[in-house]
């Protein structure tokens with residue numbers, strides 16, 4: 001019987017445990033079902049950082065590589081990249097791009113904005129920064145896919161299958177977001193933007209100029225050159241690159257490496273190269289009495305590979321929005337006027353980009369151009385100013401999604417550019433299979449690779 005009391009004690013403790021479970025269970029289990037590596041919420045600043053990183057990742061990874069192959073900046077030389085380069089692509093190929101844009105990018109930017117707006121004192125510039133980044137992201141999404149979910153997007157709790165907005169409506173919303181950001185930044189230029197992961201380091205005056213350049217970019221997409229010219233006149237104006245929005249990188253694998261380096265050196269060596277790059281060949285053939293392209297050629301290309309000590313170096317910053325793009329927009333608008341004044345203005349903008357390249361490479365490779373350079377005996381005799389602007393703009397966007405947007409907008413009218421195979425150029429990204437499987441609102445029949453988006457039709 002020596003076990004009687006202990007048995008009674010155990011039974012008593014169990015009864016206490018059972019009867020008092022409502023009061024004691026929570027004290028024992030609180031926190032044990034929570035995974036610290038899978039948080040359900042976070043502070044606004046952390047979510048803002050996540051939104052920025054996702055947006056830049058969208059601009060710098062597979063979508064940029066794919067668009068750059070179709071613009072023939074680079075060539076696909078192995079496995080699926082060889083197929084993509086030659087226009088054999090499936091709907092599944094775009095799933096990662098779509099996921100990055102909506103789940104990682106747009107969702108986090110919206111969440112950050114909501115959290116900022118819930119504060120007792122709303123940080124106006126932080127809210128405006130989320131709007132500018134959302135505009136930058138969704139402007140590229142609609143440029144690549146055409147009609148896309150937007151007004152009903154990322155509301156899975158209430159809208160499982162979001163409707164598709166027309167491309168024109170998405171662009172209009174993008175411009176509205178940029179206008180809101182521009183107004184806020186203008187009114188609060190002395191207040192820094194916190195947790196800026198780009199090279200602008202929170203300088204609101206620089207963010208303001210980037211917002212204007214983005215506005216000019218997307219107005220050009222929609223063919224509104226007059227409004228784009230006004231926006232570009234207020235855009236990035238530092239020809240030394242100090243006003244460029246760039247994504248800085250480092251040498252820590254899996255953390256901060258340049259994503260072109262990570263792909264071409266670490267992850268998928270041999271997939272992406274420049275064996276058949278049209279832009280590389282243009283740079284090789286681009287030297288004359290006014291222009292020496294040696295340094296720009298060597299920055300992007302190491303023989304028939306991407307230069308992993310230049311553009312694709314592990315620590316090299318990636319261009320998001322630049323002075324180069326802003327001045328190219330000006331040149332495009334002026335050259336299209338077909339007047340002597342327009343030609344002179346286009347040449348001024350071109351010379352600004354040439355100064356920018358000299359500043360970037362520390363060279364004197366690019367002498368100023370004049371009207372006479374496009375006349376008999378000139379360095380560019382036989383090439384019209386509008387055609388030279390098209391060629392130069394093409395070369396100014398190597399490696400960026402915006403380069404693919406540009407060549408589609410001008411019907412691939414770049415000297416010597418022809419389809420890799422067949423007689424048609426790619427015109428869009430395909431709607432991903434994951435979206436087709438889950439959203440009955442996907443346009444039907446789904447447009448194909450060679451079907452132009454509405455703004456380019």
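So the values come out like this:
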read-out	value
Residue satisfying condition, being modelled with pLDDT under 95 and within 30 Å of residue 417 (Cα to Cα), within set 91, 160, 143	91
Filter result for the condition that a residue is at pLDDT 95 or above and part of a loop (DSSP other than H, G, I, E, B), over 341, 353, 315, 348	315
Residue check for residue 81: part of a helix (DSSP H, G or I), at pLDDT 50 or above and within 24 Å of residue 394 (Cβ to Cβ)	yes
Residue under evaluation residue 275, criteria (1) in a helix (DSSP H, G or I); (2) more than 28 Å from residue 220 (Cβ to Cβ); (3) in contact with a strand residue (DSSP E or B) (Cβ under 7 Å, 6 or more places away or on another chain), criterion not met	(1)
Subset of segment 227-250 [touching a residue at least 40 places away in the same chain (Cβ under 8 Å), over 15 Å from residue 209 (Cα atoms) and not in a loop (DSSP other than H, G, I, E, B)]	247
Segment 239-250, subset loosely packed, with under 15 Cβ neighbours inside 10 Å and touching a helix residue (DSSP H, G or I) at 6+ places or on another chain (Cβ under 9 Å), residue farthest from residue 333 (Cα to Cα)	242
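Rundown of residues vs (1) surrounded by 21 or more Cβ atoms within 10 Å (Cβ to Cβ); (2) part of a loop (DSSP other than H, G, I, E, B), yes/no style:
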site: 364; (1), (2): no, yes
site: 373; (1), (2): yes, no
site: 379; (1), (2): no, yes
site: 411; (1), (2): no, yes
site: 424; (1), (2): no, yes
site: 431; (1), (2): yes, yes
site: 440; (1), (2): no, yes
site: 445; (1), (2): no, yes
site: 451; (1), (2): no, yes
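The values are calculated or read from the model by the stated rules, or taken from the named source; none is laboratory data. Not measured: the values here are computed from a predicted model. Glycine also receives a Cβ, built like all others from the backbone with ideal geometry; neighbour counts cover every protein chain displayed.
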